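Enquirer: Following this message is one structure expressed as structure tokens.
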Amino acid sequence: QEQLVESGGGLVQAGESLRLSCVASERTFRNYAMGWFRQAPGKEREFVATISRSGSITYYSDAVKGRFTISRDNAKNTVYLQMNSLKPEDTAVYYCAASRITGATSPRSYETWGQGTQVTVSS
């Protein structure tokens, strides 16, 4: 089964940038659409962005559209989330996940999850 490992989280100030990475263990990575979700304390896990198998199709939540960019490198089994103009409300644990469905925004559509990486944005 595919395993996912996120990295790149940290503590930044509002307006700064971070790039998250998620490395997959299997060469079948290219067979999955990939997504990023986040979960803040006391809140439900929410959709952030998703990218198709080839990388040609992307979707974003309204909360991050225009500030975050999802991308993938199938040769490196890696998906990225470039986060610019970070805001305190972006503070959460960020998870990457794999799905057989392109464009899925519900966590229920994702079958494999990473352990998460903490992003904290101070004001």
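The values are calculated or read from the model by the stated rules, or taken from the named source; none is laboratory data. Quantities reported herein were computed from a predicted structural model and do not represent experimental measurements. Because the Cβ atoms are built from the backbone with ideal geometry, glycine has one as well, and the counts that use them run over all protein chains shown. Side chains are part of the model used for accessible areas, which takes the heavy atoms of the whole protein and leaves out ligands, DNA and RNA. Shrake-Rupley method; radii C 1.70, N 1.55, O 1.52, S 1.80 Å.
Enquirer: Among the residues of the range 33-47, which ones are of a type in the set (Asp, Glu) and under 14 Å from Thr91 (Cβ atoms)?
Expert: Glu46
Enquirer: Only one of Arg30, Arg19 is open to solvent by 60 Å² or more (accessible area, probe 1.4 Å), modelled with pLDDT under 95 and not in a loop (DSSP other than H, G, I, E, B); which?
Expert: The conditions single out Arg30.
Enquirer: If you check Met83 against the conditions, is it buried (at least 17 other Cβ atoms within 10 Å of the Cβ), of a type outside the set (Asp, Glu) and closer than 20 Å to Ala14 by Cα?
Expert: yes
Enquirer: Sticking with this one: For the range 68-82, indicate whether the set of residues that are farther than 15 Å from Tyr110 by Cβ and among the β-branched types (Val, Ile, Thr) is non-empty.
Expert: Checked against the condition, which is being farther than 15 Å from Tyr110 by Cβ and among the β-branched types (Val, Ile, Thr), the range 68-82 yields at least one hit.
Enquirer: OK, next. Are any of the residues in the range 88-107 open to solvent by 60 Å² or more (accessible area, probe 1.4 Å), in contact (Cβ under 8 Å) with a residue 60 or more places away in the chain and of a type in the set (Lys, Arg)?
Expert: Yes: the range 88-107 contains one or more residues that are open to solvent by 60 Å² or more (accessible area, probe 1.4 Å), in contact (Cβ under 8 Å) with a residue 60 or more places away in the chain and of a type in the set (Lys, Arg).
Enquirer: So which pairs qualify, if the first residue must be in the range 9-35 and in contact (Cβ under 8 Å) with a residue 24 or more places away in the chain, the second must be in a helix (DSSP H, G or I) and open to solvent by less than 70 Å² (accessible area, probe 1.4 Å), the Cβ gap must be under 7 Å, and the two must be at least 6 apart or on different chains?
Expert: Ala14/Pro88; Phe29/Asn74; Arg30/Asn74
Enquirer: In the range 58-76, what count of residues is obtained for those that are outside any strand (DSSP E or B) and open to solvent by 70 Å² or more (accessible area, probe 1.4 Å)?
Expert: Number satisfying all stated conditions: 5.
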